[in-house]
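Comments concern the structure below.
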Amino acid sequence: LDLDEALAHLEQQYFDVILLDNRLPPYSDFTQTIGDIVKISPKSEIYLISADRDKVSLNLCKQHGIVEMIDKFELRDAIAAGLLE
């Protein structure tokens with residue numbers, strides 16, 4: 001999904017948890033996308049997925065309501081391990 005498609009889904013249905021990629025092209029990072037998401041779904045818990053976890057400020061995440069940051073590569077490995085077991 002792109003951001004517009006995701007926002008359309010959010011307008012139709014509530015989600016308890018949202019997994020947000022740090023970079024959704026054409027946007028450079030989550031600070032450009034999270035405002036629209038929170039406006040539509042303010043009670044959802046938002047987790048940020050990033051391959052650049054060391055470069056993303058945890059304080060900046062918390063200021064924007066991010067619950068936790070997830071390392072993209074750790075997530076990929078965990079999903080792959082779960083699928084293979």
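The values are calculated or read from the model by the stated rules, or taken from the named source; none is laboratory data. Since the structure is predicted, the reported quantities are computational estimates derived from the model, not experimental observations. For neighbour counting, all protein chains shown are included, and Cβ atoms are generated from backbone atoms with ideal geometry for every residue, glycine included. With ligands, DNA and RNA removed, areas are computed over all heavy atoms of the protein, side chains included. Shrake-Rupley method; radii C 1.70, N 1.55, O 1.52, S 1.80 Å.
Below, the figures for the structure above:
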{"read-out": "Most to least packed among 35-41, 56-62 [average Cβ atoms within 10 Å]", "value": "35-41, 56-62"}
{"read-out": "Amide H within-cut-off set for I46, under 5 Å, with H built and near neighbours excluded", "value": "I18, V67"}
{"read-out": "Residue-averaged 222 nm ellipticity for the chain, from DSSP H runs of 4+ at -39500 (n - 2.57), nearest 500", "value": "-12000 deg cm²/dmol"}
{"read-out": "H9 accessible area, assembled protein chains, probe 1.4 Å, Å²", "value": "100 Å²"}
{"read-out": "Once the Cα gyration tensor of segment 1-71 is diagonalised, semi-axes √(5λ) in Å", "value": "19, 13, 10"}
{"read-out": "Charge dipole (debye, nearest 20) of the chain; +1 at Cβ of Lys and Arg, -1 at Cβ of Asp and Glu", "value": "260 debye"}
{"read-out": "Whether segment 32-85 is rounded, prolate or oblate, judged on the alpha carbon gyration tensor where a/c under 1.5 counts as rounded", "value": "oblate"}
{"read-out": "Heavy-atom accessible surface of the chain: percent carbon and sulfur, 1.4 Å", "value": "53 percent"}
{"read-out": "Selected from H64, P42, L20, residue furthest toward positive end of dipole (the chain; charges at beta carbon)", "value": "H64"}
{"read-out": "Accessible area in square angstrom per residue, the chain, 1.4 angstrom probe", "value": "70 Å²"}
{"read-out": "Residue-by-residue Karplus 3J(HN,Hα) for segment 34-46, coefficients 6.51, -1.76, 1.60, Hz, glycine and proline x", "value": "5, x, 5, 5, 5, 4, 7, 9, x, 9, 6, 7, 10"}
{"read-out": "D71/Q13 FRET efficiency (R0 41 Å; Cβ-Cβ; nearest 0.05)", "value": "0.90"}
